[in-house]
Structure formats: C-alpha cells, structure tokens
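Chemist: Here it is, the structure in full.
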Amino acid sequence: MTRKVPLFSPGSTVSSALPSYVALCLTLLVHRLASAQFTVTGPDRPIAASIGGEAILPCHLFPRISAEDMELRWFRSKFSPAVHLYRDGQDQYGEQMPEYRGRTELLKDDITNGSVSLRIRNIRPSDNGQYVCFFFQSSTSYEDAILELQVAGLGSAPDISVEGHQDGGIRVVCRSAGWYPEPTAQWRDLQGQVLPSASEKISPEADGLFQTEIAIVLTEESNQKVSCSVRNPRLNQERESAISIAELFFPRANPWMVALWVILALLAVLIGLASYCFWRQHRAKEMLRSELVSEKAAHRAEKDKLQAELRWRRAQIYAVDVTLDPDTAHPELVLSEDRKRVRDEDTRQFLPDNPERFDRCVCVLGAEGFTGGRRYWEVEVGDKTAWKLGVCRESVSRKGEVTLSPEDGYWAVELWDGEYEALTSPSTALPVSVRPSRVGIFLDYEAGEVSFYNVTDRSHLFTFTDTFSGTLRPYFHPGYNIWGKNAAPLIICPVPAQAGGNLCP
C-alpha cells in the first residue's frame, strides 16, 4: 500500500500569477522524474508478542538506500498522532500517542541500508492489530507497508476449589485469570477424555485480559480424579491442574430413588433428544456464520476507511488554485471580487449574452482549463441544502436546457432534496454517514478518473471512470435560492503553501 502526504499546509496561499504557477508545476514534475523511487516491505506474516514482553516491527527499503534523512512514521488507524515518529535525524515525541509514550524505541543500527525496526516494550492487549510503516523522502517519493501485531498472554495456573454438594454430587470449580485473547477451558478424566461441564463463563478484566471459570459436578459413580486445562488458541499452549476427591465425601442416596430418577431422566431424554439435537446443530451453525460475517465486515470496513484516507491525502498533493470565470456565469449568479465565491441572487442581472454564458442552467465554470495531468481542489458547501460540483468539457453547450451526465460531457455529484447522488445515467445514490461541509474534487486526466471526497470525515464519495479528450473545466452550481433559502455561497478553498495542512482553514 502507498500513502501520499499533502504538499501544502494551512494558513498560506500560492500566488495566482499563472507564469509562476506553471514554473512551479514544471519544477515539481522534473523533481519527481529525477527522484529515486523505492518500496517499503515488512514481514509477510503476523508478528507475535506476549503480554508484558516486547515486539519488534521491522521495515526495509528496496533498493537498499539510506533512510537517515527521511521521515519515518509508525501509526495505527489515523496518520496522526503516531505510534512513533522520526524526523530531521532524531525521534520526535510531540506527536506520539499517549498510550505509547516511554514504550517505543527506533532501532537505527542499519538505517543507512534502509532497514529500521520499531521496538515496543511492555506489550498490552490494546497493542494488538495493524500498524502502518511510512517512509517519506519528498513530496513525490514516499511509500508504506502494513504490519500486523498479534498479542497473546498466558494466564495463571488453574485454581481448583470444591464448592459443596449439587445434584447428588460435588460441585468443583476451576478458575484462571490473565489470558489474552479469550481462552478455552475443559475438564478431562485420567484417560484424557473431555468431560461435560456444568457451567462455563469468560469475563473481561480491567486491564483488557480475560478470566475464565468452568464448573463440573462429580458423582461417586463418575471419575473422582479430574484435571482442568485452560488453553490459549493463539499460542497453542495450555496450563493444567488436577484434583482427586475421596469416596467418603460423596453424599449417599437411596438406590430406589436413584433408579426412579434415572428412569424419568431417560424418558425425558428419549422424548426430546431428536428435536434438541437438530435445534442445537442448526443454532451452532447460524451463530458461527453470523460471527464470521460480522468479523469480516468490520475488518473490511476498517481497511476501506484507511485506504480512502490514503487516496485523499495523495490527491491533496496536486492541489491547484481555481477561480471562477465571470464570462460563463448565469445572469442570476453573483461572483465575489476575488472570484472565489458564487451565490444565486434569485434576480436576473443585465449582462451581455455572450456565447460562453449559460442562459438556462444557473451555473458557472472555472477559469482554468485542464488538458492533462492531475488536479485537486476543495469547495466549502457549509450547510447549503442544494449544490452541484464536478468537471465538464469546455465544449458543452451553454444555451438552453442542460443535462448533467457523462454522455453530455459532465462528471458531477449533487445534493438535492436531502439526498446525495452521482449524476450518472441513471443517477447513483451515495450513502453518506457524515454530512460533508467541504467537498474535494480530484481529476486524473490520463487515468480517466474524477473522484469526490467528503473532506469532513476524509471518506471517499464516488469516482467516475471515463476517457477524456479536449479541455476540461471545473463546474459549480450553487443551487437555487428561492425566497432566501439556500442563499449561502459556494466557496473555493485557497491552496496551502506547505505539506501537511487542510486546504480550507
């Protein structure tokens, strides 16, 4: 997996002078072509670690180049704060996650050959899961790899206690604590055969570990010497304790009463055995299937969220300064002096009906045209109740009714009547969990892609895939302002001057 970091930071703007901007783009392009490329690799299998011990998370560069002057970052589900950060030739602890402070160490003995490792001491259950190893050399030279750490803890030796008489026998309880992940427990006889338990319970402890309790009722006729074993499925190791109870401790029962209860029990078992077996088997299958589906869905959702944020951060590298073209604006639209804001006045202005101007569609185009490369810009939509954003061919018709679809030269998404849609043919509903107050648009001309991002929660909204030709221009529709509703403007965010910041302050 590859992660790109933003080239700009908040609080700064780039000169709007076109020659300076073109020179900057050419300089970045030449630098990117001349920069050495590399890949980051990690272990191809999960790394095992024990509770209280330490773990080593290794990463390597290929080809073997020095990482001494690079930025090295290990992080979990979010890019910042980090598990550990190395920058400017030394460890940086200002951005470190509180739960990892004082527990991490970067092993740099072989850093000049592109090999570094992160040591995590005093392993906790919360350390279990995925880590991202990220190497940053420049705005065009950075890669990462995903590692998985599997934490396991071997608990205490089982403690067996006798807790009185029950059902004509003696109730024996086995307890053990300090396990991770959840252990399995069982009773066995002298021959190693598994015995049915009277009750089982696994409960979490305050420190994230688990404790288990399993009980059995021993009778005089059954095995009086048994063992309790608790196993860690991840380590494939177990702890075991045994107990033996003398005959004199078992309660004496009337033989006739015992025979009567046995007969009644057999009758009940014969009546319900068939239905119970089928029900139990069906229930076990359904529970297993449900657990597997839930686990896979949760893992897939987390992975998709992380990948979407990585794609969004890559797109920010290609941020450009976009302004509005007043010659294309519908007569009802009002543009700000800096040509960064547009709103619907709901009153038609007296403007020349030049060929470039839209006369029916209440929209405006960006002044910049793109015939290749990658471009990214963000638009603040705030709490507006309706809007349309995207790109279109410069050659689209400006007069009469306009149909927004890829076939007609438009690649756009919209908010209308409370619903978010991609304007395909037919339109595609977009599931949005967090209302976007800012939308990012990324154009990859050669790849034939126009992607939209919800910058509010850094999620991916939709991607058009097509083949482009000619000049493409940004498209803005602020939505209709009827009786003062939806009067707020669309705002094009300024371009930051350094990497690491948001486009809009």
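Chemist: I'd like the full set of residues that are open to solvent by 40 Å² or more (accessible area, probe 1.4 Å) and either part of a helix (DSSP H, G or I) or of a type in the set (Gly, Ala, Ser) (or both), limited to the stretch 317-337.
Modeler: PRO326, ASP327
Chemist: So, one more: Looking at (1) touching a residue at least 24 places away in the same chain (Cβ under 8 Å); (2) farther than 19 Å from ILE317 by Cβ; (3) assigned to a strand (DSSP E or B), which one does ALA487 not meet, given that it meets all the others?
Modeler: (3)
Chemist: Assess whether GLU414 counts as being modelled with pLDDT of 95 or more, open to solvent by 40 Å² or more (accessible area, probe 1.4 Å), assigned to a strand (DSSP E or B) and touching an Asp or Glu at 6+ places or on another chain (Cβ under 9 Å).
Modeler: no
Chemist: Something else: Restricting attention to the stretch 465-484, which residues are part of a loop (DSSP other than H, G, I, E, B), of a type in the set (A, V, I, L, M, F, W, C) and within 33 Å of the chain's Cα centre (by Cα)? Spell out the reasoning first.
Modeler: Start the filter on the stretch 465-484 by keeping residues that are part of a loop (DSSP other than H, G, I, E, B), which leaves 466-471, 478-481, 483-484.
Checking the rest, the ones that are also of a type in the set (A, V, I, L, M, F, W, C) come to 468, 483.
PHE468, the sole residue that qualifies.
Chemist: Only one of these conditions is not met by ARG341: (1) more than 25 Å from the chain's Cα centre (by Cα); (2) among the basic types (Lys, Arg); (3) open to solvent by less than 30 Å² (accessible area, probe 1.4 Å). Which number is it?
Modeler: Unmet condition: (3).
Chemist: Kindly provide the set of residues from the stretch 123-165 that are outside any loop (DSSP other than H, G, I, E, B) and open to solvent by 50 Å² or more (accessible area, probe 1.4 Å), ordered by number.
Modeler: SER126, GLN130, GLN137, ILE146, GLU148, GLN150, ASP159, VAL162, GLU163, HIS165 - these are the residues of the stretch 123-165 that are outside any loop (DSSP other than H, G, I, E, B) and open to solvent by 50 Å² or more (accessible area, probe 1.4 Å).
Chemist: Only one residue in SER117, SER80 is open to solvent by 50 Å² or more (accessible area, probe 1.4 Å) and either among the small types (Gly, Ala, Ser) or part of a strand (DSSP E or B) (or both). Which one? It would help to see each step written out before you state the result.
Modeler: Numbers: SER117 fails: open to solvent by 50 Å² or more (accessible area, probe 1.4 Å).
Matching residue, one of SER117, SER80: SER80.
Chemist: Exactly one of these conditions fails for VAL162: (1) touching an Asp or Glu at 6+ places or on another chain (Cβ under 6 Å); (2) under 30 Å from TRP261 (Cα atoms). Give me its number.
Modeler: Of everything listed in (1) touching an Asp or Glu at 6+ places or on another chain (Cβ under 6 Å); (2) under 30 Å from TRP261 (Cα atoms), VAL162 misses just condition (1).
Chemist: What pairs come up if the first residue lies in the stretch 60-73 and is more than 14 Å from SER117 (Cα to Cα), the second is in a loop (DSSP other than H, G, I, E, B) and not small (Gly, Ala, Ser), and their beta carbons are under 7 Å apart, counting only those six or more places apart or on different chains?
Modeler: Qualifying pairs under 7 Å: PHE62/PHE38; PRO63/PHE38; ILE65/PHE38.
Chemist: Hey, does the stretch 168-183 have a residue that's open to solvent by 30 Å² or more (accessible area, probe 1.4 Å), at pLDDT below 90, more than 27 Å from ILE123 (Cβ to Cβ) and not basic (Lys, Arg)?
Modeler: Checked against the condition, which is being open to solvent by 30 Å² or more (accessible area, probe 1.4 Å), at pLDDT below 90, more than 27 Å from ILE123 (Cβ to Cβ) and not basic (Lys, Arg), the stretch 168-183 yields at least one hit.
Chemist: I would also like to ask the following. Would you pick out the residues in the stretch 365-399 that are assigned to a loop (DSSP other than H, G, I, E, B) and farther than 21 Å from GLY470 by Cβ?
Modeler: Listed by number, the residues that qualify are VAL381, GLY382, ASP383, LYS384, THR385, ALA386.
Chemist: Also: Just give me the residues in the stretch 419-429 being open to solvent by less than 60 Å² (accessible area, probe 1.4 Å) and under 18 Å from ASP383 (Cα atoms), in sequence order.
Modeler: Scanning the stretch 419-429 gives TYR420, GLU421.
Chemist: Here's another thing I want to ask about it. Can you name the residue in the stretch 442-483 that is closer than 18 Å to GLY382 by Cα and of a type in the set (Ser, Thr, Tyr) and, of all such residues, is most open to solvent (accessible area, probe 1.4 Å)?
Modeler: My answer is TYR480.
Chemist: Just checking, does the stretch 377-386 include any residue being under 25 Å from ARG458 (Cβ atoms), modelled with pLDDT of 95 or more, of a type in the set (Val, Ile, Thr) and in contact with a strand residue (DSSP E or B) (Cβ under 6 Å, 6 or more places away or on another chain)?
Modeler: Within the stretch 377-386, one or more residues are under 25 Å from ARG458 (Cβ atoms), modelled with pLDDT of 95 or more, of a type in the set (Val, Ile, Thr) and in contact with a strand residue (DSSP E or B) (Cβ under 6 Å, 6 or more places away or on another chain).
Chemist: Continuing with the same structure: Using the structure shown, decide if ILE160 is closer than 30 Å to LEU195 by Cβ and of a type in the set (Val, Ile, Thr). If you could, list the steps in order and put the result at the bottom.
Modeler: Details: closer than 30 Å to LEU195 by Cβ: yes; of a type in the set (Val, Ile, Thr): yes.
Taking the combined requirement at face value, the residue satisfies it.
Chemist: Right, here's the next one. Quick one: count up the residues across the stretch 297-316 that are open to solvent by 20 Å² or more (accessible area, probe 1.4 Å) and in contact with a Pro (Cβ under 8 Å, 6 or more places away or on another chain).
Modeler: Residues that pass the stated criteria total 1.
Chemist: Checking GLN349 against (1) surrounded by 12 or more Cβ atoms within 10 Å (Cβ to Cβ); (2) more than 38 Å from the chain's Cα centre (by Cα): exactly one of these is not met. Which one?
Modeler: So GLN349 meets the others, but not (1).
Chemist: Say we look at the stretch 98-114 and pick out the residues that are assigned to a strand (DSSP E or B) and touching a His at 6+ places or on another chain (Cβ under 7 Å); which of these is surrounded by the most Cβ atoms within 10 Å (Cβ to Cβ)? Reasoning before the result, please.
Modeler: Residues of the stretch 98-114 that are assigned to a strand (DSSP E or B), as a first pass: 104-107.
Retained after the next criterion (residues that are touching a His at 6+ places or on another chain (Cβ under 7 Å)): 104, 106.
Details: THR104: 20, LEU106: 16.
Here the residue is THR104.
Chemist: Separate question: State all residues of the stretch 184-225 that are over 16 Å from SER161 (Cβ atoms), assigned to a loop (DSSP other than H, G, I, E, B), modelled with pLDDT of 85 or more and polar (S, T, N, Q); if no residue qualifies, say none.
Modeler: GLN191, GLN193
Chemist: Given (1) aliphatic (A, V, I, L, M); (2) under 17 Å from the mean Cα position of the chain (by Cα); (3) more than 30 Å from ALA315 (Cα to Cα), identify the lone condition not met by ILE146.
Modeler: (3)
The values are calculated or read from the model by the stated rules, or taken from the named source; none is laboratory data. These figures come from a predicted structure and were not determined experimentally. Glycine also receives a Cβ, built like all others from the backbone with ideal geometry; neighbour counts cover every protein chain displayed. Calculation scope for accessible area: heavy atoms of the full protein, side chains included, ligands and nucleic acids excluded. Shrake-Rupley method; radii C 1.70, N 1.55, O 1.52, S 1.80 Å.
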